[in-house]
Amino acid sequence: MPIVERHEVTLDAVEGAVSEDSLLAAVGARPGVPDATVGIDRDQVDEVNRVIADNGTGPVQIAVKGARFGITRAEFITVNVTPVAFDPHGFDWRIADGQLTEETVVERSGVRSPGRGYRFDVHIDRLRAANDRIQQGRAGSIDLEMTAYRPDGSGAPYVTRTVKVRLVAEKTAIVDELPTTGVAVMGPFAAMIAFAGLGAPLMLYARRRAEGVRRR
């Protein structure tokens, strides 16, 4: 009795939840005879929407029912779902560059909006934990959590992913090279020399000594 043009359809989770009418339109269902009606049971519509909300793929089997004069017939449909594509990647962050912001995490993780008004939210507790470590100068990896969502109540899925950030502390050393001698003063000793103002006299002494050697 019901006429169905498509017995398998694929919905896009980015578009959000579906209604009975939108499902009927998606499969091209219509009454096959005068005075007949077509419909889909509410629990089957809900099942499709659960798959969408979970960012799943299906398939979900539903029945398009046609009724006329108390006689009901059904056509069975397979509904697939294309999930929201949201795959941020990890990145390195130099502690010397300061605190991380939500905007920085979104930019450095390389995410792009899946469409239809999707936004990104970096979970504040993990972001604060990362910034605490940055403030303490502690290198190492930390996992942030980022969620892609539509704030319009569309029933589109909320998708959360982990973003691994590697905090990098650059190793620094004060190096004063004494020209023509091949001698390098490094580390704490170099810092002491610089602090005491002895670096320049030592370099001058090294140059004069080298010149004396050349004269001889």
Only one of (1) closer than 18 Å to A148 by Cα; (2) acidic (D, E); (3) in contact with a helix residue (DSSP H, G or I) (Cβ under 9 Å, 6 or more places away or on another chain) does not apply to D87, and that is (3)
Counting only residues that are of a type outside the set (V, I, T) and touching a Pro at 6+ places or on another chain (Cβ under 8 Å), which one in the stretch 79-96 is farthest from R119 (Cα to Cα)? N80
Output yes when any residue across the stretch 15-28 is acidic (D, E), in contact (Cβ under 8 Å) with a residue 24 or more places away in the chain, outside the structural domain of G155 (by TED's automatic domain parsing) and part of a loop (DSSP other than H, G, I, E, B), and no when none is. no
A careful count of residues in the stretch 39-75 that are under 37 Å from the mean Cα position of the chain (by Cα) and exposed (fewer than 14 other Cβ atoms within 10 Å of the Cβ) gives 6
Quick one: P34 ticks every box in (1) in a loop (DSSP other than H, G, I, E, B); (2) of a type outside the set (A, V, I, L, M, F, W, C); (3) touching a residue at least 12 places away in the same chain (Cβ under 8 Å); (4) farther than 22 Å from Y118 by Cβ except a single one, so which number is it? (3)
Only residues that are in a helix (DSSP H, G or I) and either touching a Cys at 6+ places or on another chain (Cβ under 6 Å) or crowded, with 17+ Cβ neighbours inside 10 Å (or both): list them for the stretch 105-121, please. V105, V106, R108
In a helix (DSSP H, G or I), without any contact (Cβ under 8 Å) to a residue 12 or more places away in the chain and more than 30 Å from N49 (Cβ to Cβ) - does that describe any residue in the stretch 83-96? no
Find the residue count for the stretch 110-137, including only residues that are at positive phi and free of Cβ contacts under 8 Å to residues at least 40 places away in the same chain. 2
Considering only the stretch 11-24, state which residues are under 15 Å from F76 (Cα atoms) and out of contact with any helix residue (DSSP H, G or I) (no Cβ under 9 Å at 6 or more places or on another chain). L24
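The values are calculated or read from the model by the stated rules, or taken from the named source; none is laboratory data. Predicted, not measured: the structure shown is a model, and the values here were computed from it. Cβ atoms come from the backbone with ideal geometry, glycine included; neighbour counts cover every protein chain shown.
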